[in-house]
Amino acid sequence: MSLDQFVAKFQEKMKSHPDFKASVKFDLGADGILLVDATTRPGKVTQGDGPATLTLTLSKDLLTGLLAGTKDPNVAYLTGKLKIKGPMGLAMKLNAFLED
C-alpha cells in the first residue's frame with residue numbers, strides 16, 4: 001500500500017468512526033510518517049511529522065496487515081513489531097478504529 005492509499009483509508013475510517021477524537025502519528029520509518037488528526041471534524045490525514053497524542057512506530061507491511069485485519073495489534077506489540085508512545089488506553093481505542 002502506498003502512503004496515498006493509507007491516507008484515503010484513514011479518511012474513510014474517520015467518517016465511519018465519528019466518536020474517535022484523537023491525533024495519532026504512524027511512524028513507518030524510512031517509508032514516511034502519517035499523521036491522523038481526528039480532534040476536529042472533518043478530520044485530516046497528512047504525510048509528514050507533527051505533534052500527536054499517540055505515536056505508533058511500525059513497518060508499512062504491519063500497518064497494511066492491521067488495516068486489512070490480517071495482523072493482530074496485540075501480538076505485534078508483544079513481539080516488539082509495534083511500539084507505542086502515549087496513553088495505552090487511547091492505543092486500545094485505536095485498535096477498534098483500525099480493525100473496522
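The values are calculated or read from the model by the stated rules, or taken from the named source; none is laboratory data. Just so it is clear, the model here is predicted, and its values are computed rather than measured. Please note: Cβ atoms are built from the backbone with ideal geometry, for glycine as well, and neighbour counts cover all protein chains shown. Ligands, DNA and RNA are stripped out before the accessible areas are found, and what is left, the full protein with its side chains, is counted by its heavy atoms. Shrake-Rupley method; radii C 1.70, N 1.55, O 1.52, S 1.80 Å.
Quick notes on this one:
- Dipole orientation for the chain: of the candidates 39, 73, 95, 39 has the Cα lying most toward the positive pole (charges on Cβ; Lys, Arg +1; Asp, Glu -1).
- From the Kirkwood radius over Cα pairs of the chain, Stokes-Einstein at 20 °C and 1.002 mPa s returns a whole-number translational diffusion coefficient of 161 µm²/s.
- Prolate/oblate/rounded label for the stretch 43-87 (Cα gyration tensor, a/c 1.5): oblate
- Placing pseudo-labels 7 Å out from each Cα toward the beta carbon at residue 8 and residue 81 gives an inter-label distance of 2.5 nm.
- Spin-label pair residue 72-residue 16: with each label point 7 Å from Cα along the Cα-Cβ axis, the two points sit 2.2 nm from one another.
- Within the accessible area of the chain, the carbon and sulfur atoms contribute 54%, probe 1.4 Å, all protein chains present.
- The chain, accessible area per residue, ligands and nucleic acids excluded (1.4 Å, Å²): 56 Å²
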